[in-house]
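The values are calculated or read from the model by the stated rules, or taken from the named source; none is laboratory data. These figures come from a predicted structure and were not determined experimentally. Cβ coordinates were reconstructed from backbone atoms using ideal geometry, including for glycine residues, and neighbour counts include every protein chain displayed.
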Amino acid sequence: MTERNQIYKCEHCGIITSVIQAGGGALVCCGTEMQLMEAKATAQEGKEKHVPVIEIDGSTVSVSVGSVPHPMEEAHFISLIQLMQNGKVIMGKTLSPGEEPKAVFYNIENTENLSARELCNLHGLWES
């Protein structure tokens, strides 16, 4: 059973999808069930370049990837940054190689209980 905001990956072709509305079925790609991506956190190796860092300035929230800037090259980059509140995605930004590994979200009225997650094309899903 899928749950809203989960992210799944096909281990064969590499396609990644996010669940917008939960359902009872399994997500299937290339003839096999897609794998749920579990978010890594500060305890895992590579945290310096992967754990999202949140900065709040009034109603503006900036999310940078890593305390050390993450590479944004063709072979290794951040493809997604999501701002979450109480475990639910409230905003997101997709990124491409060459862009800064950062997202700025405006007009966030309630900044309590914010977290962020990001998706590295090589090292998976990471959460603050």
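Structural remarks
- The residues in the range 1-30 that are assigned to a loop (DSSP other than H, G, I, E, B), in contact (Cβ under 8 Å) with a residue 12 or more places away in the chain and either of a type in the set (Val, Ile, Thr) or surrounded by fewer than 11 Cβ atoms within 10 Å (Cβ to Cβ) (or both) can be counted, and the count is 10.
- Among the conditions (1) surrounded by 12 or more Cβ atoms within 10 Å (Cβ to Cβ); (2) part of a loop (DSSP other than H, G, I, E, B), Leu122 misses just one, which is (1).
- Of the numbered criteria (1) of a type in the set (S, T, N, Q); (2) surrounded by 12 or more Cβ atoms within 10 Å (Cβ to Cβ); (3) within 21 Å of Glu11 (Cα to Cα), the one Ser59 fails is (3).
- Residue in the range 37-47 that is surrounded by 12 or more Cβ atoms within 10 Å (Cβ to Cβ), part of a strand (DSSP E or B) and modelled with pLDDT under 90 present: yes
- Pairing residues of the range 81-103 that are assigned by TED's automatic domain parsing to the domain that holds Ile56 with residues that are acidic (Asp, Glu), at Cβ distances under 6 Å and at least 6 apart in sequence or on separate chains, gives Ile81/Glu118; Pro97/Glu73; Pro97/Glu74.
- Residue pairs meeting the criteria (Cβ under 7 Å; at least 6 apart or on separate chains; first under 14 Å from Cys120 (Cβ atoms), in the range 56-70; second modelled with pLDDT under 90 and outside any loop (DSSP other than H, G, I, E, B)): Val65/His50; Gly66/Glu48; Gly66/Lys49; Gly66/His50; Val68/Glu48; Val68/Lys49; His70/Lys49; His70/His50
- Qualifying residue in the range 52-70 (condition: on the phi > 0 side of the Ramachandran plot, part of a loop (DSSP other than H, G, I, E, B) and within 13 Å of the chain's Cα centre (by Cα)): yes
- Selection within the range 73-94 - over 22 Å from Glu109 (Cβ atoms) and either in contact with a strand residue (DSSP E or B) (Cβ under 7 Å, 6 or more places away or on another chain) or surrounded by fewer than 16 Cβ atoms within 10 Å (Cβ to Cβ) (or both): Glu73, Glu74, Ala75, His76, Ile78, Ser79, Leu80, Thr94
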